[in-house]
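To keep things clear, I will list the structure first and then write my remarks on it.
FYI, it's all coordinate maths here, none of it is from the lab. As the structure is a computational prediction, the values presented were derived from the model and not from experiment. Cβ placement follows ideal geometry from the backbone for every residue including glycine, while neighbour counts extend to all protein chains displayed.
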Amino acid sequence: MVKLKEIAEELGAEMLHIGRPVKTVEQATRGTGASPRQVIKSLVIISERGPLLVIVDGESMVSMRKLRKLFGSCRFARPNEVKALTGYEVGGVPPVGVPLRTIIDSRVLENEYVIGGGGAVDKLLRIRPQKIAEYQKAEIREVKD
């Protein structure tokens with residue numbers, strides 16, 4: 001967790017302590033005043049070509065069909081796999097500091113800032129999406145439905 005705080009500071013991001021579990025886009029919008037489009041989901045996908053961190057905005061669903069075209073067979077990681085691959089529980093996975101190949105849906109970059117997982121279910125991270133892309137060396141693709 002200390003590492004995420006350091007990464008956030010380095011990237012000019014802000015840790016938001018919500019004080020209650022925030023596991024859905026709706027809870028994140030209520031807790032921060034952000035729009036669903038500004039909330040991002042950091043999803044762990046198991047693909048034929050290895051595990052992926054896929055980031056989409058809160059109004060969108062990830063398209064498994066589009067991911068399959070890019071990475072072969074794909075499925076959502078199970079909670080124990082998410083923890084093993086990222087070090088974080090489902091609902092707390094941040095968009096930065098995760099050692100996985102990262103794919104960001106192009107629509108996410110249309111926001112000035114986004115709200116994502118903050119390393120724990122009661123914390124969120126407010127960050128510029130370009131900083132996520134740079135830090136994670138992310139690939140920008142259209143992967144939403």
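Which condition number in (1) of a type in the set (A, V, I, L, M); (2) within 13 Å of the chain's Cα centre (by Cα); (3) surrounded by fewer than 17 Cβ atoms within 10 Å (Cβ to Cβ) is the one that residue 70 fails?
With (1) of a type in the set (A, V, I, L, M); (2) within 13 Å of the chain's Cα centre (by Cα); (3) surrounded by fewer than 17 Cβ atoms within 10 Å (Cβ to Cβ) applied to residue 70, the lone miss is (2).
Restricting attention to the range 25-35, does a residue exist that is under 22 Å from residue 139 (Cβ atoms), touching a residue at least 40 places away in the same chain (Cβ under 8 Å), β-branched (Val, Ile, Thr) and not in a loop (DSSP other than H, G, I, E, B)?
No, there is no match, as no residue in the range 25-35 is under 22 Å from residue 139 (Cβ atoms), touching a residue at least 40 places away in the same chain (Cβ under 8 Å), β-branched (Val, Ile, Thr) and not in a loop (DSSP other than H, G, I, E, B).
Restricting attention to the range 103-137, report how many residues are in a strand (DSSP E or B), farther than 22 Å from residue 26 by Cβ and charged (D, E, K, R).
0
Inspect all residues belonging to the range 54-72 and state whether any of them is assigned to a strand (DSSP E or B) and without any contact (Cβ under 8 Å) to a residue 60 or more places away in the chain.
no
From the list 129, 95, 99, exactly one residue is within 20 Å of residue 9 (Cβ to Cβ) and surrounded by fewer than 17 Cβ atoms within 10 Å (Cβ to Cβ). Which is it?
99
Select, from 14, 48, 10, 59, the only residue that is over 10 Å from residue 116 (Cα atoms), in contact with a Pro (Cβ under 8 Å, 6 or more places away or on another chain), surrounded by fewer than 16 Cβ atoms within 10 Å (Cβ to Cβ) and charged (D, E, K, R).
None of the other options fit; the residue is 59.
For residue 81, indicate whether it is more than 19 Å from residue 5 (Cα to Cα) and not aliphatic (A, V, I, L, M).
yes
Would you mention how many residues in the range 24-64 are basic (Lys, Arg) and more than 15 Å from residue 108 (Cα to Cα)?
2
So is residue 138 in contact (Cβ under 8 Å) with a residue 24 or more places away in the chain, closer than 16 Å to residue 23 by Cα and of a type in the set (A, V, I, L, M) or not?
So residue 138 fails the test.
In the list 87, 118, which residue meets the criterion of being out of contact with any His (no Cβ under 7 Å at 6 or more places or on another chain), of a type in the set (Gly, Ala, Ser) and without any contact (Cβ under 8 Å) to a residue 60 or more places away in the chain?
Testing whether each residue is out of contact with any His (no Cβ under 7 Å at 6 or more places or on another chain), of a type in the set (Gly, Ala, Ser) and without any contact (Cβ under 8 Å) to a residue 60 or more places away in the chain leaves just 87.
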